[in-house]
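What follows is calculated from the coordinates using simple rules that are stated; it is not laboratory data. Every value quoted in this text rests on a predicted model; they were computed, and no experiment measured them. Neighbour counts are summed over all protein chains in view; Cβ atoms, including those assigned to glycine, are modelled from backbone coordinates with ideal geometry.
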Amino acid sequence: MTLSLIELVKNMPKAELHIHIEGSLEPELIFALAQRNGVELNYPSIEALRAAYAFTNLQSFLDIYYAGASVLLTEQDFYDMTRAYLERAHADNILHTELFFDPQTHTARGVEFGVVVNGIQRALRDAHAEWGMTGGLIMCFLRHLSEEEAFLTLEQALPYREHILGIGLDSSERGHPPEKFARVFARCKELGFHLVAHAGEEGPPAYIETALDLLQVERIDHGVRCTDDPVLMQRLALQAIPLTVCPLSNIKLCVFETMAQHNILTLLDAGLVVTVNSDDPAYFGGYMNDNLVALVKALPVQRHHARQLARNSFNAAFIDHNLKQKYLAQVDAFFAQ
Ligand code: HPA
Ligand code: ZN
C-alpha cells in the first residue's frame, strides 16, 4: 500500500524539539483556568481572545502569549496544560518531545519554580508510563530580561536539575543579542546542561553565529534567516548544527509572507539538519502534523524530504545513542513499507 504524502508525514514516527509549553495553552483552557483560579482576563470571551491572534511580528505575539500564561497558578494547571499538549503530540505520532518552559514568566507573578517544573514533569512521566513517550524539559531564559535575572533563575533551577535537560533562550530577539547571556550560558555548560538558543528568527544571521561561538549552543531554534549568509549556511551544514524550524509560526509572525515562500526545502536540500516543529501551536494555527501538512500543500515536498525530516528530528534530539538508534530504526522501518 502506498500512502499519500500527507498520510505519510502524519503517520511517520517523529520527535518534536521546539515547543513552548505555555504556547500550547488553547483559549478554551485559558478561560477554564482563569475561572478556576479567579484570574481576570482582558478578553470578554474565547472568541474575542482567538480574534486577537492576528500578529504582525514576534513582539505582537509575545504580548498576548504572556497574558495567556497569567492564568497558570497551581501545579495542576501546569499538569493540565502539559497533558493536553502530550495527548495532541501522541495523536501526531510524536515519540519524543523536548519542551521549552519560561520559568521567569511565572516566578515574576509569585508562582514557585517547583510548582512549574513538578506539574510539567508529572505529565511527562505519565506520558512515558502510558505510551512510552520520552521527553525532557528545556528551561529558557527570557532575553528581554537581564543577565542577572537569568543567573537568579539558574540558581532556582538547581534543586530540579535532574528534571532539566537543557537551557534555551527565547522572547524578543531584536536588540537582545546572544552575547548578553554569554556568561550565564558558560555557567550552564559547566553544569552539564545541553544548550540551545532562538536565533535568526527575526534577528540577523549574525545572531546565529554568536549563539554558536559565544553561547556554544548545540542547536539553533528557528535559524531560517541563515539563508541571508551563504558562508554561515555552509558552516551549519558542515558542522551538522540542527535548526528547529517552525513553519506555521514563521507565517503567523510574518517571517515569510506565504508558505510557498518558506525556505525550508532550500535548507534541507543544502544538507542542513532541519527539523519541523510547532513552536506555539495554540497561537499559530496548528500542532506538529498541521505544520507538516501545510508544508506538503505549499511546497514540492518529496518522500525523501519527509524521511529526512523524521530522521533529523531524532538525530537532533538530546537522547542517548541506543534510544536514538532505536528511533531511527523505527523511521527506516516505516519508510521501508
Ligand atoms: N520566539 C521567541 N520567543 C518565543 C517564541 C518564539 O517563537 N515562542 C515563545 N517564546
Ligand atoms: Zn520558539
When you scan the stretch 298-320, how many residues do you find that are touching a helix residue (DSSP H, G or I) at 6+ places or on another chain (Cβ under 8 Å) and in a helix (DSSP H, G or I)?
11
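I'd like to check something: does the stretch 260-282 contain any residue that is in a helix (DSSP H, G or I), in contact (Cβ under 8 Å) with a residue 40 or more places away in the chain, among the hydroxyl-bearing types (Ser, Thr, Tyr) and out of contact with any Asp or Glu (no Cβ under 8 Å at 6 or more places or on another chain)? Explain how you work it out, then say what you get.
Applying the first criterion (in a helix (DSSP H, G or I)) to the stretch 260-282 yields 260-261, 264-269, 281-282.
Now narrow it down to the ones that are in contact (Cβ under 8 Å) with a residue 40 or more places away in the chain: 264-265, 267-268, 281-282.
Adding the requirement that they be among the hydroxyl-bearing types (Ser, Thr, Tyr) leaves none.
No.
Right, ALA69: aliphatic (A, V, I, L, M) and away from ligand 1 (no atom under 16 Å from the Cβ) or not? Step through it out loud before you land on a result.
Numbers: aliphatic (A, V, I, L, M): yes; away from ligand 1 (no atom under 16 Å from the Cβ): no.
Answer is no for this residue.
Being crowded, with 23+ Cβ neighbours inside 10 Å, within 16 Å of ligand 2 (Cβ to nearest atom), among the aliphatic types (A, V, I, L, M) and under 25 Å from ARG235 (Cα atoms) narrows it down to one residue among ALA282, ALA316; which is it?
Details: ALA282 fails: under 25 Å from ARG235 (Cα atoms).
ALA316 is the lone residue from the list that is crowded, with 23+ Cβ neighbours inside 10 Å, within 16 Å of ligand 2 (Cβ to nearest atom), among the aliphatic types (A, V, I, L, M) and under 25 Å from ARG235 (Cα atoms).
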Checklist (1) assigned to a helix (DSSP H, G or I); (2) over 16 Å from LYS14 (Cα atoms) applied to LEU323, failing item:
(2)
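Among the residues that make up the stretch 148-165, is at least one of them touching a His at 6+ places or on another chain (Cβ under 8 Å), in contact (Cβ under 8 Å) with a residue 24 or more places away in the chain and among the β-branched types (Val, Ile, Thr)?
Let us first name the residues in the stretch 148-165 that are touching a His at 6+ places or on another chain (Cβ under 8 Å), namely 165.
Right, trim to in contact (Cβ under 8 Å) with a residue 24 or more places away in the chain and you get 165.
Among the residues that remain, those that are also among the β-branched types (Val, Ile, Thr) are: none.
Scanning the stretch 148-165, I find no residue that is touching a His at 6+ places or on another chain (Cβ under 8 Å), in contact (Cβ under 8 Å) with a residue 24 or more places away in the chain and among the β-branched types (Val, Ile, Thr), so the answer is no.
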For the stretch 15-48, name all the residues that are closer than 24 Å to MET288 by Cβ and touching a Leu at 6+ places or on another chain (Cβ under 7 Å).
ALA15, ILE19, ILE21, PRO27, ILE30, LEU33
I need the full set of residues from the stretch 87-103 which are without any contact (Cβ under 8 Å) to a residue 60 or more places away in the chain and either buried (at least 24 other Cβ atoms within 10 Å of the Cβ) or within 16 Å of ligand 1 (Cβ to nearest atom) (or both), in order please.
PRO103
What number of residues within the stretch 206-225 are closer than 21 Å to ASN312 by Cβ and within 16 Å of ligand 1 (Cβ to nearest atom)?
10
Restricting to the stretch 234-258, count the residues that are more than 17 Å from ASN57 (Cβ to Cβ) and charged (D, E, K, R).
1
Within the stretch 178-197, can one find any residue that is more than 16 Å from ligand 2 (Cβ to nearest atom), among the acidic types (Asp, Glu) and touching a Ser or Thr at 6+ places or on another chain (Cβ under 9 Å)?
yes
So ASP213 clears everything in (1) touching a residue at least 40 places away in the same chain (Cβ under 8 Å); (2) more than 13 Å from ligand 2 (Cβ to nearest atom) except one condition, right? Which one?
(1)
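Taking into account only those residues within the stretch 1-49 that are of a type in the set (A, V, I, L, M) and under 14 Å from TYR65 (Cα atoms), which is farthest from ligand 1 (Cβ to nearest atom)? Reasoning before the result, please.
Taking the stretch 1-49 first, the residues of a type in the set (A, V, I, L, M) are 1, 3, 5-6, 8-9, 12, 15, 17, 19, 21, 25, 29-30, 32-34, 39, 41, 46, 48-49.
Still in the list and also under 14 Å from TYR65 (Cα atoms): 19, 21, 25, 29-30, 41, 49.
Working: ILE19: 9, ILE21: 10, LEU25: 11, LEU29: 17, ILE30: 15, LEU41: 19, LEU49: 17 Å.
Taking the candidates together, the pick is LEU41.
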List, please: which pairs have Cβ atoms under 9 Å, are six or more places apart or on different chains, and start with a residue in the stretch 47-74 that is closer than 19 Å to PRO103 by Cβ and end with one that is of a type in the set (Asp, Glu) and away from ligand 2 (no atom under 14 Å from the Cβ)?
VAL71/ASP77
